[in-house]
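Asks: A single structure is presented below for examination.
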């Protein structure tokens, strides 16, 4: 069986033969006292070019573990023994160098399908390709994946309707195909799709194996009859052991030989899973216990009702070991592992130059910001509204005695509360971060490029926000009338907003979810405002902690000082008691606000800008740190996921589909409407 | 004919001997009798028929679209009917039409009869289980069902029998194993998806409805859990209930559990009859199911027009090399196949049998099923809801505990910054700033509980839609159950702040400060509740809440002195609406009045606090601070009333308006068409033609 498809055909991409032998995966126990739990036990098999291999099994059977170990994506706490040979050579694939389509669709919702693919191509394909060549690659990919009809449709996100789930999945696959990998892994590509969409995806994959001579390995949960009929090879797992490996068409024969023939009106895959899914035992036990199954006198001729699935499973596993299918597989493995094919070179990360990556990312991110109403547009509107409020409340503030306090509180409100509202863009930013993490994991680009591109693409928007705010408030409040004061005011607002954005970026890279992010962000802003020098004068702040490190680290304090100076120096105010000499701005600053006038307002601004840069660098460092300490983090992460994910955690709540899919953070707490 | 007589005899039998309800299991029977608390009324089973059901939806642009066309069918007690069809085939619309839940812009014609009578299905008679499980994540399964029971069962019923009913339901739904496990939410791991679905069903069957509607009960479940859920549904139907469920893609095992199958495509009937006979029907029609195929997969494959698109795309984009097969579907498009099947069904015996059966059932006038709804009294509802909500709040870390921690941290920060503020000249401003910060930013943090509240609202929505309790009960329970937490939070943080800063000494001053803080935090909560009932989503809620509070803060009299605030807009309505204004006015008086402050230079006179109040903070010292406080408390009530009113509006008024607009549009359009049509008809017929509009509006009212 399984001669290489399309061997005789004209120029073919050389295929990749993947062989694995005696694969055993054990979870390292955190304490190390007990031997770890076995996730996989002595699995052997192979995947050939031109064939589509399905890994099937009930939840918790080790499907994902097998897929991950073949793709080299296993968590570090899982110890893998046995060998995996690619074209006869042992390999250690690193995380993210193999084309691997994850279960979640991580995409930017505001781009169209064509744009998504084009940007990805520009990010990863070598610079030597011209624009036209890349466009051609993109068009071929779109064509190959049957995405023409929706090529100009938006992908869509939680508040925007876009392309369908099946189209999203095909888009994700086409992104992985851009670099023309000889071997492709997919994790449950059909989950959550209806039968037509699922059929489309698997049919496309099958077509790809035929036309492109690709090796495709996919785990699949509950294929419908049509989908199941498309698979070439089948690897059936249960409890980490092989129930069947071989030609998918022959599996029914194996089951009937073993004494469990598939009834005629049944989908074979449903039948297989019914036989080996031990959850059915529990279901039946509960049902028997709870219901007086009054009328049901089930015909006991069905072997499934006589035996528990545990027994059936054991029987099948034994049967397989001694069957001709196992022998055949063994022979084949021995045969093909000797063939030394070409060395498959995986595209490590990206081939595009740093400069090109930066350009592409910046323009992508800019387009995303333009189209996402929640990212900046909404904020611009809010800022304008609030500025109008502030402007009319402090309208024509003048130089009376009470204007001294009014001016101060106006400045403080603008630099405090207004920058605070930048938190509003957090959800959109998180969505982008999810895409960043995903692409970063696949090595598409570096952290520095991302940090820089984010700064650049946000720049025009932040400038627009600050100019709008500054113009409205400056000319309504009429504190001064000349351009330099206005320019200073606008720049300082820009700096303030940009710093808040950077702080939120840092927060986003540290906290686990959306809500914590907002809470942490609000807390930081609260402290910043409190120690900025308006609510309590800087000189009155308690020296330990509050004055000494914090007020100096506080960008708000620097901005506020600069603004005070900008506002008061050169102005004169009426005294408290009419008739007294007029108060000069400098005197007010010194006397009422306790500022030392040792340095100019520009120094204050400069320090704030430095703080801005520091936060950006901090973000960069945190991401880098997280990556360099990944072994540790991933282990931690794996521990957490192994607690969450039923596929690792065998006996706890295993009959459910809650395989703990990690949603984008913005979706975690149902940003959907509280009321329909 | 003979059957009809038999059915009539069957139906009237129970009432004649007055003992046994038709088709009820012993368990169900006792429960039903306990609930209705009467000697039996007769046959309490539900027979639902629908004939020539057509649903037209008025689209936004005045166009109309037929979603269902001439459907005829029935559902009997003891029978599990499955509605199947590709997505967009009208499954959910049919379910909505049958359960009288159609949107107000959908118009229905045709007859739907329950036990031979036109009835509006009310809660209690029929239960509807939606696709999403909106459950309170912190309660255990048993608690969830128990609270739901106590919310709806009559007060007179003893606790013991309620408990027995709950236990019975738990066993019936096979939830024994997880009865004491919490349900779980996005940050708390709980029971599995299948178990959640069964809890949702359990809640709906508590009141022993005779008719049960379910919208895709198996979606998102793996095969074992889907099998479990379907098996329980079948069990429920065997218990004498009528169960109708829409199901998307059943696996082989699940499909085998169906009794009746209603197969829809594009709003038309492809097949209605015994699920086991569908296989033959398809072979007779020329689309035999290949062996080793799940019949339901095959049926959907035949009628799902998406496959056409898939194939077209595949053929267009790839050098498609479809494997040859003798499958008839390879040769024709699915839309063609669907058309043929629909045609074939129209002429088949299945169709005639179904029509006959419908006529037969609808001729029998059965029992009018008692329209239950909640039978608990208003006080019971409020009490149980309060208790449930309290338990939820005390278990949900994010609801109040997290906020308590944040409040403590923030107040400690404030306390250290203004530590021992004293009566120096500079502390005049510091005291003002301190009060403003406490009442401005600290209360602002109450927004943190918004997500949890939104979760609560979702549960409320579901229960409200199913008529479990009234809006007033919800508002009261929420207010009462939150009170202890808010008191705890404000007392602790208020105390810390007061004693660290050393505000105006004296127990009355302390009390005022804490009460004022409590009132402000509660006002913010009530404000956020009112916002939650208006805005479309969570994020908008937070943004709008923050915006409103920002403006309130700005006009509160600290950022700009009260007399300097521009009079139009900002001073006159705004500052008086702002709760910060009242809180600050009260607190300034409370804090400064009666103190003596140092002058600007050591040789100056001491400045009395009242002078500062009047001259610096511009506060009306003639109004008592307690007056300010009472304004705050009345604001709490006002916001709660606003919340109540907005819910009422969105519940009653908005659908009515939408329906009205849709009807008007439809009428305008149809008048045009009708006049054109009528003109073409012969005059003699005109008198007999009932204008379609009349029948539409009639049926949409009656059904």
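Asks: Cut-off is 10 Å between beta-carbons; in what order do A:558, A:355 appear when sorted fewest neighbours first?
Replies: A:355, A:558
Asks: Determine, from the Cβ-Cβ distance of residue A:400 and residue A:351 and an R0 of 60 Å, the FRET efficiency 1/(1 + (r/R0)^6), rounded to the nearest 0.05.
Replies: Computed FRET efficiency for residue A:400 and residue A:351 comes out at 0.35.
Asks: When the Kirkwood hydrodynamic radius is evaluated over all pairs of different C-alpha atoms of segment A:99-180, what value in angstrom, to one decimal, is obtained?
Replies: 12.7
Asks: Helix B:625-648 versus the longest principal axis of chain B: what is the Cα-based angle in degrees, 0 to 90, to the nearest 10?
Replies: Result, in degrees: 10.
Asks: If you average the C-alpha positions of segment B:450-472 and of segment A:201-251 separately, how far apart do those two centres end up, in angstrom?
Replies: 45
Asks: Counting only other chains, what is the mean number of Cβ atoms within 10 angstrom of the Cβ of each residue in peptide B:248-255?
Replies: 5
Asks: Further, regarding this structure: Please report the equivalent ellipsoid semi-axes of segment B:378-649, computed as sqrt(5 x eigenvalue) of the Cα gyration tensor, largest first, in whole Å.
Replies: 37, 20, 15
Asks: Can I ask one more? How many nm separate the modelled label positions at residue B:645 and residue B:309, each set 7 Å beyond the Cα in the direction of the Cβ?
Replies: Rounded to a tenth, the inter-label distance reads 4.6 nm.
Asks: Also: Relative contact order for chain B: what is it in percent, counting Cα pairs under 8 Å that are at least 6 residues apart?
Replies: Result for chain B is 16 percent.
Asks: How far apart, in nm, are the 7 Å Cα→Cβ label points at residue A:437 and residue B:495?
Replies: Taking the two extended label points, one gets 4.1 nm.
Asks: Take the Cβ-Cβ distance between residue B:100 and residue B:365 as r, set R0 to 22 Å, and report the resulting FRET efficiency rounded to the nearest 0.05.
Replies: Calculated transfer efficiency: 0.65.
Asks: Now, a different point. I want to check the label-to-label distance for residue B:656 and residue A:285. Put each point 7 Å from Cα in the C-beta direction and report it in nm to one decimal.
Replies: So the label points at residue B:656 and residue A:285 sit 5.6 nm apart.
Asks: For residue B:284 and residue B:118 in the same chain, what is the full-extension length gain: residue separation times 0.36 nm, less their Cα-Cα distance, in nm?
Replies: Gain in length upon complete extension: 56.1 nm.
Asks: Using only Cα atoms and rounding to the nearest 10 degrees, what angle (0 to 90) does helix B:654-680 make with the longest principal axis of chain B?
Replies: 40
Asks: Label 7 Å along Cα→Cβ of residue B:488; segment B:182-216 residues with amide nitrogen under 12 Å?
Replies: none
Asks: Give me the angle, in degrees from 0 to 90, between the Cα long axis of helix B:450-465 and the longest principal axis of the Cα atoms of chain B, rounded to the nearest 10.
Replies: So the helix axis and the longest Cα principal axis differ by about 40 degrees.
Asks: Determine, at each q value in 0.14 (inverse angstroms), the log₁₀ of I(q)/I(0) that the Debye formula gives when each Cα of segment A:354-635 is one equal point scatterer.
Replies: So the normalised log intensities work out to -1.01.
Asks: Where does each of A:158, B:656 land when they are ranked from fewest to most other beta-carbon atoms within 10 angstrom?
Replies: Ascending number of Cβ neighbours within 10 Å: B:656, A:158.
Asks: Compute the relative contact order of segment A:354-635 as a whole-number percentage, counting only Cα pairs closer than 8 Å that sit 6 or more residues apart in sequence.
Replies: 23
Asks: Also: Would you mind pulling out the separation of the Cα centroids of segment A:494-550 and segment A:96-152, in Å?
Replies: So the separation of the two Cα centres works out to 40 Å.
Asks: What does the extension gain come out to for residue B:66 and residue B:544, with contour length at 0.36 nm per residue minus their alpha carbon separation?
Replies: 168.1 nm
Asks: Rounded to the nearest 0.05, what FRET efficiency do residue A:264 and residue A:38 give with R0 = 41 Å and r taken as the Cβ-Cβ distance? Could you check?
Replies: Rounded to the nearest 0.05, the efficiency is 0.65.
Asks: Taking a label point 7 Å from the Cα of residue B:352 along the Cα→Cβ vector, which residues of segment B:245-274 have an amide N closer than 18 Å to it?
Replies: Only B:271-274 pass the distance filter.
Asks: Continuing with the same structure: In percent, what relative contact order does segment A:99-180 have, based on Cα pairs under 8 Å that are 6 or more apart in sequence?
Replies: With pairs under 8 Å counted, the relative contact order is 45 percent.
Asks: Let me ask something else about it. If you take the C-alpha gyration tensor of chain B, multiply each eigenvalue by 5 and take the square root, what semi-axes do you get, largest first, in whole Å?
Replies: Semi-axes, largest first: 62, 29, 26 Å.
Asks: Follow-up. Would you list B:548, B:303 from fewest to most Cβ contacts within 10 Å?
Replies: The most exposed by this proxy come first: B:548, B:303.
Values in this text are rule-based calculations from the coordinates and carry no lab data. Being a predicted model, the structure only gives us computed values, none of them experimental. Positions of Cβ are backbone-derived with ideal geometry, glycine not excepted, and every protein chain shown enters the neighbour counts.
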